[in-house]
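The values are calculated or read from the model by the stated rules, or taken from the named source; none is laboratory data. It should be emphasised that the depicted structure is a prediction, and the values quoted were computed from it without experimental measurement. Methodologically, a virtual Cβ is constructed for each residue, glycine included, from the backbone with ideal geometry; neighbour enumeration extends over all protein chains shown. The area values use the complete protein model at the heavy-atom level, side chains included, leaving out ligands, DNA and RNA. Shrake-Rupley method; radii C 1.70, N 1.55, O 1.52, S 1.80 Å.
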Amino acid sequence: MAGIDQPPWRTMPRNLLFVNSYKNLGGGETTMLTLAIQLAASGWNPHLLVPDAGEFSAAWEARGWPVHIAYWRAANVYFVPALWGLLPGSRRMEAVLRQERFAAAYCEYHGLPLLLPAASRAGVPVLWICTGWRFRPRPWQREFFRRPAATFAETGMIRDGFLGEPPFMPVEKVEILNPGVDCERFRPRTDSATLRAGLEVAPETPLVVLLARFQNVKGHDVFQDMARLVARDMPQAQFLVAGNNPHTRSDIRYREQILTSARNDPLLRDRLRYLGFRPDTERIIAAADVVVCSSWFEGYGSVIVEAMASGRPVVSTNRGGPSEIVLDGETGFLVPPGDSAGLAQRVTQLLRDDDLRLRMGAAGRRHVLQHFTAGAYARRFEHTLERVLAAGRA
């Protein structure tokens, strides 16, 4: 029997279902995994539901947590709620929800149109997070988006874009939830020479890094243009790009265009390397002198937070999340999207000034510890989760 001061929902099995439409381990999936790690330490039992096995489910299973596979096709931004709730994928989700006594389910945008009706039929509350710059509810979707038990947005810009002007539902119904970072995994390190040796980079080489999956919004072409400009000014500089995980056929075509462009460029051929997917991104960041975000738009920018936590200055485009994360001129520099010359100027400035890099790196670490830790992220999420569950059982 629960104590008299214990909330009623605490007597339930603390099973929480995380739902994600992608099998690879990109920024969004890493953020979800980080949240699950923190909640597991608070006594929750994290389960994962994905449409197929992959890097994400492997990382989940490596921690001894349950993984459920139930195929569905990720929804696009034009979905019709009444139809998606009838699809086989939604019925498969419902079957998983009925297998265990889940206290709640937590989802990203592309799985929500199937999960929300499935969870409604199974009697499980749903929380979800809006992470992307392009998610703008259509008129026929607005009532659907009022139904989840809780809605989060990673940044204020995402929230405001999602709600529109005027907002289609009260602004206070969408909570800002900045993802946090594991500040032990991403931390300043003193073994840079060893890390660089593993990457075949000399200790004295100026090193610039980009970490991004292959999507045209990530601006790999802008990064390459920037690298050319920096290389002309500093021929000794080297550039590394980590990440793969294309989602669509157009992403795959984009990847091939970018890789072909790099191979065929005599200036970049021996200076720029694409590493593919790397599970040890903390080592890549720690080996860098400067971390760049060249995106045309970033919903949040987890890599930027990871870089600052690692004591590395960042140079980023300023549309989206980076404008709410980076303190321009203090923890890094911000430039307009597509401004390869502006990126190059700031990168070169940092590469030439050791003291500036150290000051900005230290300021970035302090900023993350104050505002973007994984623990604070999980506490904010759990506070809302407790409120939802308590309200449902009042």
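Observations
- Length gained on full extension, residue 42 to residue 58, computed as 0.36 nm times the residue gap minus the Cα-Cα distance: 3.5 nm.
- For segment 56-166, the alpha-carbon radius of gyration amounts to 1.10 times the rule-of-thumb value 2.2 N^0.38 Å expected for a compact globular protein.
- Taking the average, over residues, of other Cβ atoms within 10 Å as the packing measure, peptides 342-353, 377-388 rank 342-353, 377-388 from highest down.
- Order by protection proxy (mean Cβ within 10 Å, highest first), peptides 222-231, 105-114: 105-114, 222-231
- √(5λ) per eigenvalue of the Cα gyration tensor, segment 272-394, largest first, Å: 31, 15, 15
- Full extension of the segment from residue 233 to residue 261, taken as 0.36 nm per residue of separation minus the current Cα-Cα distance, would add 8.0 nm.
- Accessible surface for segment 61-163, divided over its residues, is 43 Å² per residue with a 1.4 Å probe.
- Where N is the number of residues in segment 249-290, Cα Rg divided by 2.2 N^0.38 Å: 1.39
- Within the accessible area of segment 150-218 (1.4 Å probe), percent carbon and sulfur: 49 percent
- The chain: relative contact order in percent, alpha carbon pairs under 8 Å with at least 6 residues between: 15 percent
- Inter-part distance where segment 44-105 and segment 239-256 are each reduced to a Cα centre, Å: 25 Å
- The calculated Kirkwood hydrodynamic radius for the chain is 21.9 Å, given to one decimal from all distinct C-alpha pairs.
- Residue 341/residue 387 FRET efficiency (R0 56 Å; Cβ-Cβ; nearest 0.05): 0.70
- Between 125, 164, 140, the Cα set farthest toward the positive side of the dipole of segment 109-197 (charges on each charged residue's Cβ, about the Cα centre) is that of 140.
- Label-point separation, residue 168 to residue 67 (7 Å along Cα→Cβ), nm: 3.5 nm
- Signed unit charges on C-beta, dipole axis of the chain, positive-most listed residue 264, 205, 314: 264
- Dipole of the chain [Lys/Arg +1, Asp/Glu -1 at C-beta], most positive-end residue of 181, 84, 286: 84
- Using the average count of surrounding beta-carbon atoms within 10 Å as a protection proxy, the listed peptides 188-196, 22-30 rank, highest first, as 22-30, 188-196.
- Between residue 197 and residue 138, the modelled label-to-label distance comes to 5.8 nm, taking each label 7 Å out from Cα in the direction of the beta carbon.
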